[in-house]
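So the structure is just underneath, and the comments pick up after that.
The values are calculated or read from the model by the stated rules, or taken from the named source; none is laboratory data. In this text the structure is predicted, and so the values were computed from the model without any measurement. Cβ placement follows ideal geometry from the backbone for every residue including glycine, while neighbour counts extend to all protein chains displayed. Calculation scope for accessible area: heavy atoms of the full protein, side chains included, ligands and nucleic acids excluded. Shrake-Rupley method; radii C 1.70, N 1.55, O 1.52, S 1.80 Å.
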Amino acid sequence: MRFGIAARFVALAVVWGASFLFIKVGLEGLSPAQVALARVALGALTLGAFLVLRRRSLPRDPALWAHLAVVSLLFCVGPFLLYSWAEQYVASGLASIFNATTPLLTMLFAAAALPAERLTRPKTAGLLIGFAGVLTLVGVWRGIDLSHEVLAQLACLGATTCYGMAFVYLRKFVSPRNPDPVVVAFGQTGFATVILLAATPVIAAQPVRLNLAVVLSMLALGVLGTGVAYTWNTAIATAWGAANASAVTYLTPVVGVLLGVLVLDEPVHWNEPVGALLVVLGILASHGRLSRTRQPVLERV
């Protein structure tokens, strides 16, 4: 059992880290909105199949579905569109590094919205270190000229901002209802599919140029990265605990950068790994893992 969970952990890091590569390849034949639509539609179909195979019924709580509609905008529609647009102008590896800022932004929004998550000294230090990492990634010493590359980096931060708000919204409005995690994932990807389909005549009506690489990338991104990976994440969190499961955040940028270099021959500038290191140090500092004195861990119910 332990080996099975460890294998899923490694597979999750690889699949989520490779998602940025799949987006980049998908953009060779699809528009950013079409990539986002393919991702959520395939993810929803995969998660729906899991629900049918496991014979799980859908909840009948209208309020829960209303909350999931909001979550779909924050967790799927916004980030997927922003990342897809951004990767037209920045490397997939750099996009994966920016994604690592999600825990820091989640902590910031949680401090503002959840009384139990107020900022402590370690969390404040972690935010400052992580913010220094973001400035290093952007390369502020070069000046801000609002070129496509800078705007794309800001779009990546916009995506992680959406993720941060989504996690806090989930905890405040969805988690207290104790829904099935797979139902939550299916609900948000399903709503996102409906929303993007409705917007298709406006944002996704461009011609499609499919080839084998594009099709396989979309299948991997949707079926694995947005569908199966969620069930892996749930199993890992159940077996190891949420804190240990979240360590996958440290590995996905490594996978994303390596694949970008090896598969797409993307360049890596010195400020990118340095910025990534500062972001990871910020996450560790916010959890008190850089202090010499070990603090007791309190489980929240």
Rounded if a/c under 1.5, otherwise prolate or oblate - the range 11-50, Cα gyration tensor axes: oblate
Cα gyration tensor of the range 1-152 - equivalent ellipsoid semi-axes, whole Å, descending: 29, 24, 18
List L114, L58, ordered by accessible area with a 1.4 Å probe, largest first: L58, L114
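What's the extension gain from R60 to T120 if we count 0.36 nm per residue and subtract their Cα-Cα distance?
Details: separation 60, 0.36 × 60 = 21.60 nm, distance 3.92 nm.
Separation in residues times 0.36 nm, less the Cα-Cα distance, equals 17.7 nm.
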Rounded to whole Hz, the Karplus (6.51, -1.76, 1.60) HN-Hα couplings of the range 74-86, x for glycine and proline: 7, 8, 10, 4, x, x, 5, 5, 5, 5, 5, 5, 4
Neighbourhood net charge (12 Å Cβ-Cβ; Lys/Arg +1, Asp/Glu -1) for S19: +1
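Given R₀ = 51 Å, FRET efficiency for E149-D180 by Cβ-Cβ distance, to 0.05? Walk me through the numbers on the way to the answer.
Values: r = 41 Å, r/R0 = 0.81.
The formula returns an efficiency of 0.80 here.
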Solvent-free Debye scattering, log10 I(q)/I(0), computed from the Cα coordinates of the range 158-219 at q = 0.14, 0.19, 0.21 Å⁻¹: -0.65, -0.97, -1.03
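Where does the chain land on the Kirkwood hydrodynamic radius, alpha-carbon pairs, in angstrom?
Values: mean 1/r = 0.0505 Å⁻¹.
When all Cα pairs of the chain are included, the Kirkwood radius is 19.8 Å.
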Amide H partners (placed H, <5 Å) of E266, local residues excluded: V261
Relative contact order of the chain, defined on C-alpha pairs under 8 angstrom at six or more residues apart (%): 42
For the range 1-90: span of alpha carbons on each principal axis (Å, largest first): 42, 39, 19
Distance (nanometres) between label positions extended 7 Å along Cα→Cβ at A237 and V215: 3.5
